[in-house]
1. Of the residues ALA78, ALA123, only one is more than 24 Å from ARG224 (Cβ to Cβ), surrounded by 21 or more Cβ atoms within 10 Å (Cβ to Cβ) and of a type in the set (A, V, I, L, M, F, W, C); which?
2. Under 8 Å by Cβ, and 6 or more places apart or on different chains, what pairs join a residue from region 108-126 that is more than 21 Å from GLY80 (Cα to Cα) with one that is open to solvent by 10 Å² or more (accessible area, probe 1.4 Å) and basic (Lys, Arg)?
3. Exactly one of (1) outside any loop (DSSP other than H, G, I, E, B); (2) at pLDDT below 95 is unmet by GLY97. Its number?
4. For region 167-199, name all the residues that are touching a strand residue (DSSP E or B) at 6+ places or on another chain (Cβ under 8 Å) and assigned to a helix (DSSP H, G or I).
5. Failed condition for LEU171, given (1) in contact with a Phe, Trp or Tyr (Cβ under 8 Å, 6 or more places away or on another chain); (2) closer than 16 Å to ALA344 by Cα; (3) open to solvent by less than 30 Å² (accessible area, probe 1.4 Å), with all others met?
Amino acid sequence: MTNRTGTPSTAHTPGTAPSAAAPHTPGTPRPGAPGAPLLRTSAELAAFAPFKGPRAVVMTMGALHEGHATLIRTARAAAGPDGQVVVTVFVNPLQFGEAADLERYPRTLEADLAVAGAAGADAVFAPSVDEVYPGGEPQVRISAGPMGERLEGAFRPGHFDGMLTVVAKMLHLTRPDTAFFGQKDAQQLALIRRMVRDLNFPVEIVGVETVREPDGLALSSRNRFLDAEERHTALALSRALFAARDRLAAQQALHARAQTTAATTGRAAALTALGETRAAADTQAVALARPVDGPVAVRAAAQLILDDAAAEQPPLALDYLALVDPADFTEIPDDRTTGDAILAIAAKVGKTRLIDNIPLTFGATT
């Protein structure tokens, strides 16, 4: 039996690990090391077990958590029993502006193999830096363009160029039919989709909803750096997003009532005269409801939470709060009444920088 490149390989059932042998054979679990088989080189990846269905890939920088596991399970369901799921683990030096940040990034490969295997991965491809960049830092890189210079790109110059370069290389090496990425990194996801479209990569990019901890904090490998007080402050990110979402929903519900209620100031005055002050106030609010207040109200609701968090100990230091178009990450105008948007936040708590976002739809009916 051969794989896509015609290389002979041992039969393998997707979702299961090939039997281990001694001495250790590349692409099989090491003795005493549970989890998905580990592949270190592109040659090992090419020679790995054959499959009949589609190949799905989940790209990560390791330190896998439940958010990654959700991506892998989603990929497993999409690939089906005859397909193959490959998880890549590679801490990409091109995405780090400072060497200290690169060194600080957690590396937990043994635990990653276990998480990946339990979630349904057929293999983990964890190449070395020399394997990915055999000639040293690449002289030719993919440019993220204007979208890559906004928001995260403005605070982390060159980050998205490095990200797209390694994603392009991993797509070439793994040759997937589908690749899965988390919505938490919304700007990254948008740029990958744009690269795939602009450069005609033969792959479908699928975004998967952000996974959150019970208290609302978006799952991230960086959360482990937060102490108890910092984590309390960090919850302001998700609370701000939820407050904005709820404010928009309430405003849109009010506006929908305004479209169906014959509310006038005269009616409000009549209700007031009868002592129905709450009904009068509600009638007046319905009469004055305007959808164009949406973007302004959304930003204000989130900013209120973030301002409070800035006064906490330790404080939240906001990098940006932005309401953007998901297609190009340009700012949504204040008079927007319909269409999709992303409300994105980036902030530091202590030495840890966190990002979060939430998708919104203006003009949606409730």
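The values are calculated or read from the model by the stated rules, or taken from the named source; none is laboratory data. Keep in mind that this is a model prediction, so the values were computed, not measured. FYI the Cβ positions are ideal-geometry reconstructions off the backbone, even for glycines, and counts take in every protein chain you see. Protein only, heavy atoms only, side chains kept; ligands, DNA and RNA dropped before computing areas. Shrake-Rupley method; radii C 1.70, N 1.55, O 1.52, S 1.80 Å.
1. Details: ALA78 fails: surrounded by 21 or more Cβ atoms within 10 Å (Cβ to Cβ).
Result: ALA123 is the single residue among ALA78, ALA123 that is more than 24 Å from ARG224 (Cβ to Cβ), surrounded by 21 or more Cβ atoms within 10 Å (Cβ to Cβ) and of a type in the set (A, V, I, L, M, F, W, C).
2. ALA126/ARG40
3. The one condition GLY97 does not meet is (1).
4. VAL167, MET170, LEU171, LEU173, THR174, ALA186, GLN187, GLN188, LEU189, ILE192, ARG193, VAL196
5. Only one criterion is unmet by LEU171, namely (2).
Conditions tested, residue by residue: (1) in contact (Cβ under 8 Å) with a residue 60 or more places away in the chain; (2) among the basic types (Lys, Arg); (3) closer than 22 Å to PRO50 by Cα.
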{"position": "GLU98", "(1), (2), (3)": "no, no, no"}
{"position": "LEU102", "(1), (2), (3)": "no, no, no"}
{"position": "GLU137", "(1), (2), (3)": "no, no, no"}
{"position": "GLY148", "(1), (2), (3)": "no, no, no"}
{"position": "MET170", "(1), (2), (3)": "yes, no, yes"}
{"position": "LYS184", "(1), (2), (3)": "yes, yes, no"}
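For (1) modelled with pLDDT under 95; (2) over 24 Å from PRO326 (Cβ atoms); (3) of a type in the set (Phe, Trp, Tyr), each residue gets a yes or a no:
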residue	(1), (2), (3)
ASP122	no, yes, no
GLY135	yes, yes, no
MET163	no, no, no
THR174	no, yes, no
ARG194	no, no, no
ARG197	no, no, no
GLU204	no, no, no
GLU209	no, no, no
LEU219	no, no, no
